[in-house]
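Read the structure below first, then the notes.
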2 protein chains.
Amino acid sequence: MFPSFGAVLKKKSDRLPPNERRSQLIEATLICLMREGASGLSSRKICAQAQVSVGLLNHHFSSQEELVAAAYEEISRRYHEALKAHIDADTKNQNVPIKTLVSCAFEADIMSPDQLRAWVVFWSKTIDSKLMRATHDRINQRLQTYLIQVLAKSLPNSNVDLQVLAIEYSALTDGLWLDWSLNGQHQSSQLWQTILNQWLHRTLMLA
Amino acid sequence: MFPSFGAVLKKKSDRLPPNERRSQLIEATLICLMREGASGLSSRKICAQAQVSVGLLNHHFSSQEELVAAAYEEISRRYHEALKAHIDADTKNQNVPIKTLVSCAFEADIMSPDQLRAWVVFWSKTIDSKLMRATHDRINQRLQTYLIQVLAKSLPNSNVDLQVLAIEYSALTDGLWLDWSLNGQHQSSQLWQTILNQWLHRTLMLA
DNA sequence: AGCGTTATTGAACGATCGTACAATACTATT
DNA sequence: AATAGTATTGTACGATCGTTCAATAACGCT
């Protein structure tokens, strides 16, 4: 009847270049994991979130496991980028970037209860999947290297083992985020932020 | 034919008092979760581990969720008991029990990659279950109270906020255990033990 | 315009999930 | 010895899981 109208009202081309579709599925995976945690990890839920048919997942990814690994890479990449952005923007602490990291550790773009839900799922999958384990190792290595750079800039005249300090900082933030997010009464982050601030204060004094 | 033989060879009474059967199912749950992680959380696998029929789970527990919550309570209880046992046994540090906690943090009865697999599953379930969330809060509260007592004894003349310190210690150990256990090359715990030792050293100096 | 390529769909498959339930076996009480 | 109570079994059900695949639709190229 009104083919032009039909063409206009009909959703625009539903065909995407593979890379875009892959990104869209990765994004949908992160949304599902952040919203529901482990129970959000379902091929059907992910494809529904991406408004795409079930079969498409296995067309762009050889398995769900591979999609999850890609999503793990992506959330890690965003975390890394967010850290760099905060450090670049904090003109006051250019010489002590670790101060910037600590002060933004509970900002929404760095970590949130939502995001931690996804991280916990990734950790859980790291336990029983070789591919996830390899991905986890790669991510950890990358973040640790970056953290060491940040610490080296922050403590130019210190002789402490920066790798040890980087692992400690990473472990402490992971634990604080866990405690903050899994807590029943999801309070403000003030308490946990204070703890991290005091840790940094002590660490800088003795380094 | 040989009824007496049959009676002897036949498994002995397969009927147990409810409390014992419940404990057995809880134990089987922990074994499954420590062995396989999240994929070990299956009513059928748990009952197979307990050498019991599938239907028995819902006779002694109203749901799988309730069994998992009971298992979470149990692993936490064992952890708590193991901590107390180490402190009692360490006669050298009776006045500084936090030193004992730190030095045994990577002992097999306190934490191991196996046990952490189970903890990660419990954390994961805490995200999307009200019952697990309540259990998690109760466990956290109990352990934090105990940690504060340990710290109070270790730092009698300090004016630092012991609750803050307890949360920091708990978060740090959680993060170190995670990093240690999820690491691809499951090395010895030496590196992570050193990190914890240095943390304590700095903390005691400034407290 | 026609053709080959491939992104996309949705149904179908087999596996596994948690739970319900009737049947059975054991124990304790009388 | 008979009976009541219940622990235990194993099947069955409906739901959901990840993946496969033939059919279809959209695109680029000549």
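Summary table below
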quantity: Number of partner chain Cβ atoms within 10 Å, mean per residue of A:105-115; calculated: 0
quantity: Protection-proxy order for peptides B:183-192, A:105-114, each taking the mean of Cβ atoms within 10 Å per residue, highest first; calculated: A:105-114, B:183-192
quantity: Separation of alpha-carbon centers, the stretch A:124-197 and the stretch B:167-207, rounded to whole Å; calculated: 12
quantity: Cβ-vector label at 7 Å, B:Arg44, separations to other copies in nm; calculated: 1.8
quantity: Mean separation of Cα contacts under 8 Å (6+ apart) over length of the stretch B:69-206, as relative contact order %; calculated: 30
quantity: Inter-label distance for B:Asn159 and A:Gln185, nm, one decimal - labels placed 7 Å from Cα along Cα-to-Cβ; calculated: 2.8
quantity: Nm distances between copies for A:Gln190, ranked from closest, using label points 7 Å along Cα→Cβ; calculated: 4.6
quantity: For the stretch B:69-206: lysine pairs under 23 Å (alpha-carbon distance), excluding those fewer than 8 apart on one chain; calculated: 5
quantity: Förster-model FRET efficiency, 51 Å R0, B:Glu73 and A:Thr91, C-beta, rounded to 0.05; calculated: 0.55
quantity: Closest-to-axis residue of chain A (Cβ criterion, axis taking A to B), whole Å; calculated: A:Gly175, 2
quantity: With Cα atoms, 0 to 90° folded angle of helix A:18-36 axis to chain A main axis; calculated: 60
quantity: Cβ-derived FRET efficiency at R0 30 Å, A:Lys84 paired with B:Ala152, nearest 0.05; calculated: 0.15
quantity: Evaluated at q = 0.13 Å⁻¹: base-10 log I(q)/I(0), Debye formula over Cα of the protein assembly as shown; calculated: -1.19
quantity: Ordering of A:68-75, A:87-94 by packing [mean C-beta count within 10 Å, highest first]; calculated: A:68-75, A:87-94
quantity: Average beta carbon contacts from partner chains per residue of A:126-137, 10 Å cutoff; calculated: 4
quantity: Gained length - B:Lys130 relative to B:Glu66, 0.36 nm times residue gap less alpha-carbon distance; calculated: 22.0 nm
quantity: Copy-to-copy label separations for A:Pro18, where each label sits 7 Å from Cα toward Cβ, in nm and ascending; calculated: 6.0
quantity: Value of [θ]222 nm, deg cm²/dmol, for chain A, DSSP H segments ≥ 4, -39500 (n - 2.57) each, nearest 500; calculated: -23500 deg cm²/dmol
quantity: Computed Rg/Rh of the stretch A:63-206, alpha carbon atoms with Kirkwood Rh; calculated: 0.97
quantity: Inter-site label distance for B:Ala108 and B:Asn19 at 7 Å from Cα along Cβ, in nm; calculated: 3.0
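Bear in mind that the values in this text are calculations on the coordinates, not laboratory data. For clarity, every value in this text was computed on a predicted model and none was experimentally measured. Methodologically, a virtual Cβ is constructed for each residue, glycine included, from the backbone with ideal geometry; neighbour enumeration extends over all protein chains shown.
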